Amino acid sequence: MKEILDRITPKYDLQDVSIKDDLQAYVVVEKKLAIDMVTYMRDYEGFSHFVLMSCVDWIEDNKLQLLYLLNNPEKKCVIGIKVFIDRENPSMQSAHHLWKQIWTYQRELREAFGIDFPGSPRIEENFVLEGWTDKPHMLRDFDTNKYAEETYFPRTGRSTNDPATYMRQKLYPNQPVTAKKNKDDE
């Protein structure tokens with residue numbers, strides 16, 4: 001992995017390199033170079049298997065971090081290519097032309113984080129949440145509790161149970177339920 005990183009670091013002006021072990025590394029590259037680097041890794045460094053694409057919301061920095069995870073089956077190594085994009089107007093060049101399944105990840109990330117991938121097939125279609133008009137639900141400032149309280153009605157008869165007590169009742173129904181003591185209490 002080190003030899004590969006030595007070759008690509010000057011070419012792509014890598015901002016951060018994290019070597020996890022001999023077979024796994026993560027790098028940060030500028031947005032404008034990201035798809036070119038993914039293409040280079042596929043075509044020249046043997047990373048022919050696209051594993052996944054994901055996103056992390058760095059709300060404190062007003063950024064979203066995309067991750068392209070690629071695998072080199074011959075060398076049995078993995079590289080994660082990270083790119084930061086603006087959180088307020090998230091847009092990234094599409095990579096659907098490199099591997100057919102990428103357009104599916106891009107549709108999911110558009111729905112979940114609001115990221116636009118211009119030119120990606122079916123990018124405007126719903127992925128899972130048909131008719132969703134609210135803020136993208138995977139952004140950290142999306143208030144799940146507020147949404148649930150405003151959207152769903154309360155149902156009578158529901159209760160919350162302590163998981164440990166509830167499981168003891170289910171597993172040992174003939175034994176009386178007693179509070180479990182801590183070792184420090186003895």
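The values are calculated or read from the model by the stated rules, or taken from the named source; none is laboratory data. Values in this document were obtained by computation on a predicted structure and should not be read as measured data. Heads up, the Cβs are rebuilt from the backbone with ideal geometry, glycines too, and the neighbour counts pull from every protein chain shown.
Summary of values
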read-out	value
First in region 141-170 and touching a residue at least 60 places away in the same chain (Cβ under 8 Å), second anywhere and part of a loop (DSSP other than H, G, I, E, B), Cβ under 8 Å, 6 or more apart	141/135
Selection count where residues are at pLDDT 75 or above, outside any helix (DSSP H, G or I) and not small (Gly, Ala, Ser), scope region 150-185	13
Single residue of region 86-98 satisfying the filter (crowded, with 19+ Cβ neighbours inside 10 Å and in contact with a Ser or Thr (Cβ under 9 Å, 6 or more places away or on another chain)) that is farthest from residue 122 (Cα to Cα)	95
From 37, 1, residue being under 21 Å from the mean Cα position of the chain (by Cα) and surrounded by 15 or more Cβ atoms within 10 Å (Cβ to Cβ)	37
Some residue of region 124-135 being in a loop (DSSP other than H, G, I, E, B) and closer than 30 Å to residue 3 by Cα	no
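Let's see how each residue does on (1) of a type in the set (D, E, K, R); (2) more than 20 Å from residue 31 (Cβ to Cβ):
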position	(1), (2)
54	no, no
60	yes, no
70	no, no
73	no, yes
81	no, no
91	no, no
96	no, no
123	no, no
